Amino acid sequence: MKKCPNCKSEMEENFELCWNCNFSLTENKVLDIKDLNDNKKDINCLRCNTPYIYSGEYKFHEGPRIGILGNIFEVFVNREAFDIYVCPKCGKVEFFIPTDDSEYKLE
């Protein structure tokens, strides 16, 4: 776990945005909610009807990680990426297919 430099909340190692104060480690500033949702879906929470905040794209890695031979087994690994949206009021999380990934676009 790492700590947010702005509010000192604990953050997961792979997060670049603080869940508590919206401090971006990559941009080194607190982001406004409207900045987070630029070019993203405008959707509301199904529970409390609050607008979701785009939290970023998360890449899932499933498959074996076997010590020194792990690189050989990367051939058998399945990777999926999803856009994550979070409700700031109730904490509900929604996963969506990435909007900019042409592999998933319907024709």
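The values are calculated or read from the model by the stated rules, or taken from the named source; none is laboratory data. Here the structure is a predicted model, which is why all the values come from computation and not from measurement. Reconstructed Cβ throughout: ideal geometry from the backbone, glycine too, with neighbour counts over all protein chains shown.
Give the residues of the range 17-28 that are at pLDDT 80 or above and surrounded by 12 or more Cβ atoms within 10 Å (Cβ to Cβ), sorted by residue number.
Let us first name the residues in the range 17-28 that are at pLDDT 80 or above, namely 17-18, 20-28.
If the condition is that a residue be at pLDDT 80 or above and surrounded by 12 or more Cβ atoms within 10 Å (Cβ to Cβ), then L17, C18, N20, C21, N22, F23, S24, L25 are the ones that fit.
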Study note, to complete from the structure: Note on the range 29-57: residues in a loop (DSSP other than H, G, I, E, B), at pLDDT 80 or above and surrounded by fewer than 16 Cβ atoms within 10 Å (Cβ to Cβ) are D42, I43, L46, R47, C48, N49, T50
